[in-house]
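Before any comments, here is the structure.
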Amino acid sequence: MKKLFYNYLYWKELILLKLGNKIRNLRKKKKMTIEKLANKAGLSAGMISQIERDKIGISVSSLWKISNALEVFIGYFFDEEKPENNPIVRRNNRKKIELDNSNAIYELLIPNLLGKIEFLQLKIEPGDSSNDKEQITHEGEECGIVIQGQLLVKLGNKEYILNEGDSIRVNSTIPHRYINNGDITSISLWAITPPKF
């Protein structure tokens, strides 16, 4: 079973163990009970409890819901305590996010999430999607371009098929989801503002 991780190559197991603690600590800092967080996120209290104890994996949509309920970007749970000042991200040092219930891999193409824009590479295997079966919403907008394969963009009740070289602008407040409906790995680049990861 795949686990949620954010890594600098070899850190993934170390940081995995701290994700539940970060969620719990932030919840307590905001003086929220598990039940209150569960209600606000639209998840069960049992699920929140298991996530906080690192007993179960977490899907993209669940992580979005928890971060929105706690009023932080997803990157809050992964960012280093002392971000580097180096503006360059080397190909082999990208921070990665993999989530349970999906083969999608997000790679951060910028050093940290302290600016006003986020830049990501998204890899999705054939037949898989950017998140589990739910579409997600958040404030802002995102622009993407497919650099390999094909991508089906579900935007509200509309669908758009993007091939290599095609690009799209998405109002992120409209429920959306990205699906690889092609035969090879789909690779796309995304600029998102304000940063949500």
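The values are calculated or read from the model by the stated rules, or taken from the named source; none is laboratory data. Keep in mind the model is a prediction, meaning the values are calculated, not measured. Because the Cβ atoms are built from the backbone with ideal geometry, glycine has one as well, and the counts that use them run over all protein chains shown.
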Original post:
Inside segment 107-139, can you point out the residues that are at pLDDT below 85 and either in a strand (DSSP E or B) or β-branched (Val, Ile, Thr) (or both)?
Top reply: 136, 137
**OP:** Select from segment 111-132 the residues that are closer than 18 Å to residue 72 by Cα and out of contact with any Leu (no Cβ under 9 Å at 6 or more places or on another chain) and list them in ascending order.
**Re:** 112, 113, 114, 115, 116, 117
Original post:
Name the residues in segment 7-41 that are modelled with pLDDT of 90 or more and on the phi > 0 side of the Ramachandran plot, would you?
Top reply: 31
Subject >> Residues (free of Cβ contacts under 8 Å to residues at least 24 places away in the same chain, part of a helix (DSSP H, G or I) and under 14 Å from residue 65 (Cβ atoms)) located in segment 35-47 >> reply: 36, 38, 39, 45, 47
**OP:** Could you check residue 129 against (1) buried (at least 18 other Cβ atoms within 10 Å of the Cβ); (2) over 20 Å from residue 63 (Cβ atoms) and say which number it fails?
**Re:** (2)
Original post:
Which ranges mark the strands (runs of 3 or more DSSP E) fully within segment 154-197 that have 1 or more residues being at pLDDT 95 or above, in contact with a His (Cβ under 7 Å, 6 or more places away or on another chain) and crowded, with 18+ Cβ neighbours inside 10 Å?
Top reply: 167-171
**OP:** Would you check if there is a residue in segment 71-83 being assigned to a loop (DSSP other than H, G, I, E, B), touching a Phe, Trp or Tyr at 6+ places or on another chain (Cβ under 7 Å) and modelled with pLDDT under 90?
**Re:** yes
